[in-house]
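The values are calculated or read from the model by the stated rules, or taken from the named source; none is laboratory data. Note that this is a predicted model, so its numbers are computed, not measured. Cβ: placed from backbone, ideal geometry, glycine included. Neighbour counts: every protein chain shown.
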Amino acid sequence: MTIADRWLLPDGMDEVLPPQANRMEELRRALLDLYHRWGYDQVMPPTAEFLDSLLTGTGSDLALQTFKLTDQLTGRMMGISADVTPQVARMDAHSLSARARCGSATALTCCAPRPISTRAAAARCR
């Protein structure tokens, strides 16, 4: 294997360099500031979760798009989901349920990068 081969990224992975990285960060900050002004609360779901909680409920539709790995401490399967919506819904239902809502809707936003995609490998296999 040559040094150039070692520097290749797997399918579905990209590095973002200046000035594009700077522009993406500016846009991310502008959007989060806008959502804050509109009354949204920001949450930060974890990058990886155990599969049994990650794929519960509506998250089960994302099973094929979830990058799976093994927790080295417990041996349990974990996943990095392609969509944070089920994670945010879980956070709202369980972690934020203690907050007094007084009948109002919850407005949440997050800006969680999802660097891994399983679609490139699936498309290659067809």
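The table that follows gives values for the structure above.
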| item | result |
| --- | --- |
| Residue, modelled with the lowest pLDDT, within the range 50-74, restricted to residues that are out of contact with any helix residue (DSSP H, G or I) (no Cβ under 8 Å at 6 or more places or on another chain) and of a type in the set (Ser, Thr, Tyr) | Ser60 |
| Conditions (1) in contact with a Leu (Cβ under 7 Å, 6 or more places away or on another chain); (2) at pLDDT below 90; (3) small (Gly, Ala, Ser); number of the one not met by Ala100 | (1) |
| Extreme residue, farthest from Pro86 (Cα to Cα), among residues of the range 10-64 that are in a loop (DSSP other than H, G, I, E, B) and hydrophobic (A, V, I, L, M, F, W, C) | Leu17 |
| Output for the range 32-77, where each listed residue is among the aromatic types (Phe, Trp, Tyr) and either in contact (Cβ under 8 Å) with a residue 40 or more places away in the chain or surrounded by fewer than 11 Cβ atoms within 10 Å (Cβ to Cβ) (or both) | Tyr35, Trp38, Tyr40, Phe67 |
